[in-house]
Amino acid sequence: MSKLKRLAAPAYWPIEAKTKKYVIKPKPGPHTLETSMPLGVVIRDVMKHAETLREVKTILNKGLVKIDGRTRKDHGFPVGFMDVIELGDDAYRVLAGKNGLYMKPVQKGELFKLARVEDKRHLGKGKIQLSLHDGTNIIAAKDEYKTGDVLVMETGKQVKEVLRFEKGAAALIMSGRNMGALVRIKKIIITKSSHPNIVVVTLNGQDVPVPKGYVFVVGKEAPAISLDGGQDEQEQ
């Protein structure tokens, strides 16, 4: 089993650093070590559905756990930002907060996935391949999306709605010192250089410039998903 020293694990993992030497290490997958938690930690330490790794494996082997609608049985599978995890009647969405990633309980009506378009490629015959932030790809029949747009996706990768990366959109800051803040996009600055494009957002009544990659659209006038009330409110 691939192991990771507990002291080397990201600080936001809900584990005790000094009780044991090792913890489950996420396997290579759609998210990096710094931006994910292994599924075994999620089931045992976050959702509290197991007390030991053996119990975790029993649950997974029974096919009781789904991530974004797909059954997963690997306790090292990396779970990251905006993934939706289902186990029995419990469901969680992975969000970014001031202290890192955390799990937000969600209702059955919110089991859809939000996925940001990172890149797109023309395949010919009018088809477009969209590369999403969680490492997955989908084929679109029309070239109607741009990088930064967020797709609202039902189980089976069916696009239900598009949240446009544009002025006025509600967004979450997913990295940096303002991580977890709910903001509104005020301006998008195209740098036309090797430096990332800049997005000016309104936060606590002030205009704050952040790299484009830090901004994840979550709604048009208001967020399309439930967020913690303790987060910074967007500027109206």
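Each Cα pair under 8 Å and six or more residues apart adds its separation to the average, and for the chain the resulting relative contact order is 12 percent.
With N counted as the residues of the stretch 170-219, its alpha-carbon radius of gyration over 2.2 N^0.38 Å works out to 1.05.
Expressed as a fraction of 2.2 N^0.38 Å, the C-alpha radius of gyration for the stretch 103-212 is 1.17. Among the listed pairs 160/212; 48/108; 157/192; 62/212; 167/192, which are separated by more than 30 Å between their Cα atoms? Listed pairs above 30 Å: 157/192; 62/212.
Residues in the stretch 159-165 carry Karplus couplings, in order, of 6, 8, 7, 10, 9, 6, 7 Hz; the curve used is 6.51 cos²θ - 1.76 cosθ + 1.60 with θ = phi - 60°, and Gly or Pro positions show x.
Positive contributions from Lys and Arg (+1) and negative ones from Asp and Glu (-1), summed over other residues with Cβ under 9 Å from the Cβ of residue 117, come out at 0. Here the gap between residue 166 and residue 72, fully extended at 0.36 nm per residue and compared with their Cα-Cα distance, gives a gain of 30.4 nm. What is the sum of charges, Lys and Arg at +1 and Asp and Glu at -1, for the other residues whose Cβ falls under 9 Å from the Cβ of residue 152? Summing Lys/Arg as +1 and Asp/Glu as -1 gives 0. Computed from the Cβ-Cβ distance with R0 of 41 Å, the FRET efficiency linking residue 89 to residue 194 stands at 0.25.
Please list 3J(HN,Hα) in residue order for the stretch 90-104, calculated via the Karplus relation 6.51 cos²θ - 1.76 cosθ + 1.60 where θ = phi - 60°; whole Hz, with x for glycine and proline. Those phi angles translate into 9, 9, 9, 10, 7, 10, 9, x, 4, 9, x, 6, 8, 9, 10 Hz. In the elastic network of the chain, a GNM with C-alpha springs shorter than 10 Å, the most mobile of 214, 102, 92 is 214. Here is the P(r) of the stretch 190-229: all C-alpha pair distances, binned every 10 Å from 0, give 24, 45, 25, 5 in whole percents. Between the beta carbons of residue 61 and residue 204, assuming R0 = 41 Å, the FRET efficiency works out to 0.30 to the nearest 0.05. Taking all Cα-Cα distances within the stretch 37-127, those exceeding 16 Å account for 56%. For the stretch 113-163, taking Cα atoms only, Rg and Dmax work out to 9.9, 28 Å respectively.
Comparing 91, 115, 224 in a Gaussian network model of the chain where C-alpha atoms under 10 Å apart are linked, the largest mean-square fluctuation is found at 224. Using only C-alpha atoms and all pairs of different ones, pull out the Kirkwood radius for the chain in Å with one decimal. Evaluated on the chain, it is 18.8 Å.
Look at the alpha carbon pairs under 8 Å that are at least 6 residues apart: their mean separation over the length of the stretch 170-219 gives a relative contact order of 38 percent.
Rule-based calculations on the coordinates, nothing more; no lab input. Since the model is a prediction, treat every value here as computed from it, not as a measurement. Cβ coordinates were reconstructed from backbone atoms using ideal geometry, including for glycine residues, and neighbour counts include every protein chain displayed.
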